[in-house]
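Coordinate-derived values only; no laboratory data. Since this is a predicted model, take the numbers as computed values, not measurements. Cβ sites come from the backbone with ideal geometry, for glycine too, and all protein chains shown count toward neighbours.
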Amino acid sequence: MSTINQPLKLLMNLAKIQAVISRKFDGLAVHGIGFNDFLILHLLQQAPGGQLRRTELAEKIGLTASGITRLLLPMEKTGLVTRGANERDARVSYAKLTHAGKTIYEEALPSASAISEDIIPDEYLKKSPPVADLLIMLGGNIR
């Protein structure tokens, strides 16, 4: 019987954890959004002027350009974000947070915070900074 190494076990467990976390964040559906929508709204909320280049947004959440387009299309249809163009370069497009998107983000933030506290209590993080450091090292650098 073959054995797998510790890094592979860790990565397989991270993949499982990602699925579990996504399921737990189904509670955001009461706000009409999912976890990925919330993540996009958060990043746009934090960005100067409430906008990011679509390629930059894709990079920040670890997606391809086509992957971010697939996530943004429904958000554009529901009015949470709009598409903006660069006046100097037509090849560059932006994702912009709308007023409705900002409102939904602010309404969903307490729910997302409660869900996250249920998944990982603050007391645990205070005891275990190396786990957070490992996630940052692996590319989880969202602030």
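Numbers for the structure displayed
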read-out: Kirkwood-Stokes translational diffusion coefficient of the range 26-137, alpha-carbon pairs, 25 °C, 0.890 mPa s, µm²/s; value: 161 µm²/s
read-out: Leu63/Glu123 FRET efficiency (R0 30 Å; Cβ-Cβ; nearest 0.05); value: 0.40
read-out: Rounded tilt (10° steps) of 35-46 against the dominant C-alpha axis of the chain; value: 60 degrees
read-out: The range 85-115: trypsin sites (Lys or Arg not before Pro) falling in loop per DSSP and having at most 12 other Cβ within 10 Å; value: Arg88, Arg91
read-out: Ranked packing of 46-52, 118-124, most packed first, by mean Cβ within 10 Å; value: 46-52, 118-124
read-out: Three-way shape call for the range 1-41 based on the alpha-carbon gyration tensor, with the a/c threshold at 1.5; value: prolate
